[in-house]
1. Among 223, 88, 56, which one shows the biggest mean-square fluctuation in a GNM of the chain, springs joining Cα atoms closer than 10 Å?
2. May I ask you to rank 221, 51 by accessible area, largest first, using a 1.4 Å probe over the protein chains only?
3. To the nearest 20 debye, what charge dipole does the chain have about its Cα centre, counting +1 at the Cβ of each Lys and Arg and -1 at the Cβ of each Asp and Glu?
4. Among (1) 0.95; (2) 1.03; (3) 0.99, which one is Rg/Rh (Cα atoms, Kirkwood Rh) computed from these coordinates?
5. Compare 45, 206, 104 in a GNM of the chain, Cα atoms joined below 10 Å, and give the one with the largest fluctuation.
6. Can you list residues whose amide H is under 5 Å from residue 178's amide H, if they're 5+ apart or on another chain and H is modeled 1.01 Å from N?
7. Going from most exposed to least, what order do 109, 43 have by accessible area with a 1.4 Å probe?
8. For the chain, with a Gaussian network of springs between Cα atoms less than 10 Å apart, report the residue from 35, 212, 126 with the top mean-square fluctuation.
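The values are calculated or read from the model by the stated rules, or taken from the named source; none is laboratory data. Treat the numbers as computed from the prediction; the structure is a model and nothing was measured. Glycine gets a Cβ as well: all are built from the backbone with ideal geometry, and neighbour counts include every protein chain shown. SASA here: full protein model, heavy atoms, side chains in, ligands and nucleic acids out. Shrake-Rupley method; radii C 1.70, N 1.55, O 1.52, S 1.80 Å.
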Amino acid sequence: MKKAEIEKNIVVHFRGQEYFRRKELLEFYKVFEPELNNRTFGWRVFELKKKKIIRSVGRGIYTTNYKPEYKPQIDEKLRKINNVINRSFAIIDKDFNPKDYLSVWTTAWLNRFVNHQIFFPIRIIEIETDTLTSYYYKLIDEGFKNVYIESDFKKMDRYVFEGKDCIVLRKIVKRAPYQIINKINIPRIEKILVDLFCDNKLFYFVQGKELENIYRNAIKKYSVDFSKLLNYAERRKRQKDIKDFLFKFISEELKELLL
């Protein structure tokens, strides 16, 4: 059987399963390619994911149910903040990798997941710890208003907790789940979900039922890699807590695979 025909049969074969393991996929291929080795099988899996025939939901766990990747729009103000900091980093180190130095996002992105809309978003700027103070003053010099360093909650109270648009600088977490969109480094949905859970003081306005809404809607609408989510949660020392919380929103089948 030709490769294209095998790929079509994958969708039919696993139609009755919400999720399946890598071992099951290999057994399926062995029917048509008995001599298939692990290296070649790895390329088969890579091609299936590239063609969006299957997608990963965890380490060695796949589904044929396609959901789009989370690719939020970056507003002009966030883009300007990113460019101001990026230019400064580029002057210091022309070969710098933004994934190691800078990430930006805004809580306005959560509006597609919540019941109560966020009218005064917080723009989260994650950068190197040693440069937090420098870029705090840099953004103020560039004319940005309501700029705060996350650790200074007393100063933030007036704006963050009274519902006003502001910019918060915080330490970047290296090797966390990030993605590049239009040359700008932003967090993946997995990182956003974990941060909302862990940083309940900063994100006080999306806790309780609203946090449940965010998790439910994100998992329902977008492709979420649970291995990335739980690995990042472990780095933040909250994996068990987040797993218990997460298990409210996923199927019994997926729970068994992730346990």
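1. Maximum fluctuation in the GNM of the chain, among the listed residues, is at 88.
2. If we order 221, 51 from most to least accessible, we get 51, 221.
3. Dipole of the chain, to the nearest 20 debye: 440 debye.
4. Identified label for the calculated read-out: (2).
5. Result: 45 has the largest fluctuation of those listed.
6. For residue 178, whose amide H was placed from the backbone, the distant partners under 5 Å are 188.
7. My answer, sorted largest first, is 43, 109.
8. Checking each option, the largest mean-square fluctuation is seen for 35.
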